[in-house]
Amino acid sequence: MVMGTNRMINVIRGVGTPILMIAAGGLVSNLALAGDHAGFQRGVVPVLQEHCIECHQPGGVGLEKTGLDLSTYEGVMRGTKHGPIVVPGDSFSSNLSALIEGRGRPEINMPHARKPMSKWQRHLIRRWINRGAKND
Ligand code: HEC
């Protein structure tokens, strides 16, 4: 009898979860789903390519001035000549996140004189850092 009740509750929970996700609305579940699949290669790289690579790759002015090469995972993790810009697991302490969110000094906020990143792109970078900044 007790077991039967428990199973019943489990069944209800099992059905309830997807219904709640749908009820939470397209936006939230889309963000969650996309975020779950977007690691470094498929998530972060396209954002860096769109906004940063042009200057932060070999031959670019950003790399020349700061040593920051955003064209490879190793380069992103190495950071600038002053040190790392990514603290794995802690986006708030990561200069990469601070810069693109406008938490840095205004004169060095990135990208320079370019279209700012979308909210979703900033979210994606933050999330990647908070999940350990892996080369995934
Ligand atoms: C138009 C060229 C250009 C683009 C695009 C660009 N940068 Fe930069 N970046 C620079 C230059 C030049 C510097 C050197 C500092 C300065 O002159 O402001 C720099 C400096 C930096 C620094 C070091 C700041 C410091 O003082 O420690 C970081 C981190 C950085 N960029 C990250 C990024 C990121 C992330 C993006 C993309 C969102 C990006 N940059 C896009 C040119 C660029």
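Just a few scattered comments:
- In the range 61-74, the qualifying residues are those that are within 20 Å of the chain's Cα centre (by Cα) and buried (at least 17 other Cβ atoms within 10 Å of the Cβ), and the one that is farthest from PHE40 (Cα to Cα) is LEU68.
- When the residues of the range 85-115 are filtered to those that are among the aliphatic types (A, V, I, L, M) and modelled with pLDDT of 75 or more, the one that is farthest from the ligand (Cβ to nearest atom) is VAL87.
Residue-wise test of (1) in contact with a strand residue (DSSP E or B) (Cβ under 7 Å, 6 or more places away or on another chain); (2) at pLDDT 50 or above; (3) surrounded by 15 or more Cβ atoms within 10 Å (Cβ to Cβ).
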site: GLY4; (1), (2), (3): no, no, no
site: ASN30; (1), (2), (3): no, no, no
site: ALA38; (1), (2), (3): no, yes, yes
site: ARG42; (1), (2), (3): no, yes, no
site: LEU48; (1), (2), (3): no, yes, yes
site: CYS52; (1), (2), (3): no, yes, yes
site: GLY59; (1), (2), (3): no, yes, no
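- Condition check for SER118: more than 8 Å from the ligand (Cβ to nearest atom) and surrounded by fewer than 16 Cβ atoms within 10 Å (Cβ to Cβ): yes
- Selection over the range 50-67 of residues that are under 21 Å from LYS115 (Cβ atoms) and more than 6 Å from the ligand (Cβ to nearest atom) gives a count of 5.
The values are calculated or read from the model by the stated rules, or taken from the named source; none is laboratory data. Note that this is a predicted model, so its numbers are computed, not measured. Ideal geometry is used to build each Cβ from the backbone, glycine not excepted, and the neighbour counts take in all protein chains shown.
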